Structure formats: structure tokens, C-alpha cells
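J.: This is the structure, below, for whatever I ask next.
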Amino acid sequence: MVTRLEKAAPKIFTTLSERAVCTHSDLQKLFRDNHESWNLPNSLSFSKFVQFAIERGELQKHRLEFPHRPATRYSWGDVPLENIVQSIQPKGYFSHYSAMQHHDLTEQLPKAIYFNIEQRLSGGGTEPSQIAMDRAFKGKCRISKNSVKVNDRTIRILNGRNTGEMGVVTMSDSKPIEKRVTNIERTLIDITVRTVYSGGVFQVAEAFAAAASEVSIERLATYLRRLNFTYPYHQSIGYYMDRSGKYSRSQLDVIRDFGLEFDFYLDYAMKKTKYVEEWRLHVPQGF
């Protein structure tokens with residue numbers, strides 16, 4: 001004997017297939033709102049409904065066991081992992097190595113996905129000091145521990161400073177869920193600031209070379225002024241540009257105009273370094 005749930009299956013599956021990714025509450029609401037039109041028995045529980053859609057249909061359950069705020073998502077059939085990640089926070093966005101990949105600034109296939117959810121409060125803008133910089137960059141860079149492994153990939157949630165989502169664009173290659181990602185200029189700044197999330201200094205250098213024909217240095221400079229970093233990251237940016245040999249003197253001068261008041265560091269915890277006087281920058285020896 002065919003049950004009422006089995007009779008309703010075509011309508012249920014059609015409705016579910018129209019949703020790329022659902023939260024647990026989304027699915028519960030769908031169940032409640034359509035209970036009558038699907039002619040489901042009152043005795044049918046939500047958990048039985050979900051079990052039926054998984055076993056008889058193509059519903060998939062994704063449990064992301066983040067140490068901070070685990071998340072459950074449902075999809076109809078296979079969907080890109082990035083779609084699941086975007087659904088964690090609609091205002092979040094892909095950054096660093098993930099953004100490099102989206103903009104074809106790397107030939108690598110990163111195993112990690114970097115997803116930035118901005119903090120409410122903004123920071124930066126304090127007075128820099130040489131002593132503080134020397135001390136900070138001798139140590140290791142702090143990294144977010146809010147991560148989870150899914151098959152052979154790692155999703156890492158970053159809680160970056162509040163920038164008002166500056167330089168974040170929407171990429172429409174994955175409808176109905178569109179991915180949000182930092183644009184090229186913002187990406188170059190982010191990967192300079194946190195090479196640990198970007199494949200290291202060699203990958204960052206390659207990204208600057210790959211971006212040369214598309215990047216707007218004026219827009220990048222505007223972003224730098226708005227971000228108002230305590231540390232002179234513009235010196236690292238200028239060095240990467242200069243090292244690539246693909247930027248004009250006038251483009252480099254835009255970055256030089258920020259000034260060269262301090263000795264700075266290309267990365268954290270560098271063991272052996274050489275000093276690039278033109279940019280007042282310590283870089284890894286042999287780089």
C-alpha cells in the first residue's frame with residue numbers, strides 16, 4: 001500500500017530541488033508550510049520526513065563541526081562545498097587563498113577554504129613603533145582555530161576586522177547561491193597582511209605578478225588609506241610589485257608616497273633574512 005508520504009514524494013522532491021542549500025530551520029518551515037498541500041499525515045514527524053527525503057530522494061545532510069558554533073545544512077544532491085560555506089553567513093565572503101583561486105591569481109588548488117565573517121568593531125589606526133613591530137614579527141602569526149575538515153579540505157572561518165565589506169564583490173558562477181569574494185585589490189592587500197592564509201610569500205609574489213594587468217593601484221591605495229593599518233604593509237606591497245617587474249614606475253610611486261618611516265617585515269617568524277633598503281623591508285633569505 002502506497003503511503004500518503006510516498007504519494008506526495010514527487011511534489012516534495014520538486015520543491016526541495018529548487019533550494020540549493022537549506023538550514024535546519026529553513027527545512028522545518030518548508031515542512032510546516034507545505035504539510036497540508038502535500039496531504040501529509042499529522043502523525044508524520046519532521047525527522048521522519050527528513051529521513052524519507054534522504055533515503056528515497058537526493059537530500060543530503062551536511063554537519064560542519066566547527067569548535068565555535070557548529071552548523072547543519074541540507075542540499076538537494078551534490079553541491080560545491082563553497083555553496084555550503086557561503087550559507088554559513090550570507091554577509092561573509094571568501095578571502096586570501098580562496099580569493100586568489102577565484103581570480104586566477106594562483107595555479108595551485110588550495111585544500112583550505114578561507115571564509116571571512118567580519119567583526120562588529122573596527123580596529124587599526126594606532127601609532128606604530130619600531131620596537132613593537134620588531135617584537136611582533138619575530139613571533140609566529142596567530143591563526144584562526146575555528147576550522148573543520150570536510151573530506152580532504154579544511155574550512156577555516158576568519159573573523160577579520162570590520163571593513164564595511166570593502167572590496168567585496170558577488171560572483172555569479174554558482175547560482176542559485178552566489179559567492180561573495182574580495183576583489184583583486186582587496187585580495188592583494190589581504191594576502192600581504194596574512195601570508196599564512198595565502199600559501200606563503202612565494203604564492204603571494206606570484207599573485208602580484210598575475211594581477212599586474214588587471215589591478216587598479218589607485219583603488220588599492222584608496223583601500224589602504226581607508227584601512228589605516230598600524231603596520232606599514234604598503235612597503236611589502238611595493239616590494240611585491242617591484243619584485244615582479246610588471247608594474248610601472250608611476251604605479252610604484254603611488255605606493256612610495258605612503259612613506260618609508262620604519263623597517264618592516266615581509267612575513268612573521270622569518271629565520272634568516274636579507275634587508276631590501278629600497279623598501280626598508282626584511283625578506284626571507286633566498287627569496
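The values are calculated or read from the model by the stated rules, or taken from the named source; none is laboratory data. The shown structure was predicted, so the numbers you read here are calculated from the model rather than taken from an experiment. Cβ atoms come from the backbone with ideal geometry, glycine included; neighbour counts cover every protein chain shown.
J.: Quick check on this structure: which one of TYR268, TYR247, TYR275 is in contact (Cβ under 8 Å) with a residue 12 or more places away in the chain, of a type outside the set (Asp, Glu), buried (at least 18 other Cβ atoms within 10 Å of the Cβ) and assigned by TED's automatic domain parsing to the domain that holds ARG219?
T.: Result: TYR247 is the single residue among TYR268, TYR247, TYR275 that is in contact (Cβ under 8 Å) with a residue 12 or more places away in the chain, of a type outside the set (Asp, Glu), buried (at least 18 other Cβ atoms within 10 Å of the Cβ) and assigned by TED's automatic domain parsing to the domain that holds ARG219.
J.: Shifting gears a bit: Return the residues of segment 250-265 that are crowded, with 18+ Cβ neighbours inside 10 Å and not in a helix (DSSP H, G or I); say none if nothing qualifies.
T.: Of everything in segment 250-265, those that are crowded, with 18+ Cβ neighbours inside 10 Å and not in a helix (DSSP H, G or I) turn out to be PHE264, TYR265.
J.: So, one more: Being closer than 30 Å to PRO10 by Cα and either out of contact with any His (no Cβ under 7 Å at 6 or more places or on another chain) or not β-branched (Val, Ile, Thr) (or both) is true for just one of PHE94, PHE46, PHE66, PHE137. Which residue is that?
T.: Unique residue meeting the criteria: PHE46.
J.: Under 7 Å between Cβ atoms, which residue pairs at least 6 apart in sequence (or on different chains) link something in segment 130-154 that is farther than 18 Å from PRO232 by Cα with a partner that is of a type in the set (Asp, Glu)?
T.: VAL148/GLU65
J.: Here is a follow-up. State all residues of segment 137-152 that are in a strand (DSSP E or B), out of contact with any Asp or Glu (no Cβ under 8 Å at 6 or more places or on another chain) and surrounded by 14 or more Cβ atoms within 10 Å (Cβ to Cβ); if no residue qualifies, say none.
T.: Within segment 137-152, SER147, VAL150 meet the criteria.
J.: Which condition number does LEU30 fail, the rest of (1) among the hydrophobic types (A, V, I, L, M, F, W, C); (2) modelled with pLDDT under 95; (3) surrounded by 13 or more Cβ atoms within 10 Å (Cβ to Cβ) being met?
T.: Only one criterion in (1) among the hydrophobic types (A, V, I, L, M, F, W, C); (2) modelled with pLDDT under 95; (3) surrounded by 13 or more Cβ atoms within 10 Å (Cβ to Cβ) is unmet by LEU30, namely (2).
J.: Moving to a separate point now. Give TYR268, TYR233 a once-over and let me know the one that is touching a Cys at 6+ places or on another chain (Cβ under 7 Å) and among the aromatic types (Phe, Trp, Tyr).
T.: TYR268
J.: Please find, among VAL181, VAL193, VAL215, VAL201, the residue that is of a type in the set (Val, Ile, Thr) and under 16 Å from GLU107 (Cα atoms).
T.: Exactly one residue qualifies, and that residue is VAL201.
J.: Regarding segment 119-128, can at least one residue be identified that is assigned to a loop (DSSP other than H, G, I, E, B), of a type in the set (A, V, I, L, M) and surrounded by 13 or more Cβ atoms within 10 Å (Cβ to Cβ)?
T.: So far as segment 119-128 goes, no, none of its residues is assigned to a loop (DSSP other than H, G, I, E, B), of a type in the set (A, V, I, L, M) and surrounded by 13 or more Cβ atoms within 10 Å (Cβ to Cβ).
J.: Only one of SER37, SER75, SER43 is under 21 Å from PRO90 (Cβ atoms) and out of contact with any Ser or Thr (no Cβ under 8 Å at 6 or more places or on another chain); which?
T.: That would be SER75, the only listed residue that is under 21 Å from PRO90 (Cβ atoms) and out of contact with any Ser or Thr (no Cβ under 8 Å at 6 or more places or on another chain).
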